[in-house]
Amino acid sequence: MNAITPRYKATIFDIDFTLLDTEAFIFEAFYFTLKRTNIPQVSSEALKKLMGTSLEEIYKTLAPDKETATLAKIHRDFQAENIHLVTSFPNTEETLIKIKQAKIKIAAVTTRSKLNSQKTLEATKIMPYIDVLISKEDVPEDELKPHPRPILQALKQLEVRADELEQRQLV
């Protein structure tokens, strides 16, 4: 394994669909919640278009006449019982090892809860590589991704300036 030459002091990853394959974990929780509360099912494509905002915002869109806090609780309870649905992508751990060997700090940013995120990162053995975890509890509700606040919070906790950050968007 070759170490990465440290051009940057830090890198920031999203968790879902980047570090971790959470597709089944996320979509099965939606399907379970919708079925349990008699809300019409939606396609995975429709759900994907809603990703990136808070769970409460997604449920507000899917079921505006329902109590979003209740729907989010059912969703999170399902996920807490089904952590086994999360896997890491091939080579994720190897990549994180190379980044750490290069003395580059790693942050993970998500709109999920801190506890839920930690559990999935621990279950996939990735948590030890994460220096900073920014979750929905760390920023105001109206400043979740795609707002820049979570990234700025991660930079602050990493003690890194923006120009010292590896900036690359993967498609």
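What follows draws every value from the coordinates through simple rules; no lab data is involved. Please read these numbers as outputs of a predicted model, since none were measured by experiment.
Note on the chain: Rg/Rh from C-alpha atoms, Kirkwood Rh, equals 0.99. Adding -39500 (n - 2.57) for every DSSP H run of four residues or longer, then dividing by how many residues the chain holds, sets the calculated 222 nm ellipticity at -12500 deg cm²/dmol. Legend: distances between Cα atoms for 49/98; 48/156; 9/125; 48/103; 48/119; 35/125; pairs beyond 28 Å are 49/98; 48/156; 48/103; 35/125.
Whole-Hz Karplus values for the stretch 118-126 come out as 4, 4, 6, 5, 5, 4, 9, 6, 9 Hz, taken residue by residue from phi with 6.51 cos²θ - 1.76 cosθ + 1.60 and θ = phi - 60°; glycine and proline positions read x.
DSSP assigns beta bridges within the chain; of those with both partners inside it, close to 15 percent run antiparallel. Computed over the stretch 1-91, the alpha-carbon pair-distance distribution with 10 angstrom bins reads 15, 43, 24, 12, 6, 1, each value a whole percent.
Sequence-distant or interchain residues sharing an amide H contact under 5 Å with residue 21, placed H: which? When sequence neighbours closer than 5 places are left aside, the close amide H contacts are 87, 88, 89.
For the stretch 39-109, the spherically averaged projection of the C-alpha convex hull amounts to 6.6 nm².
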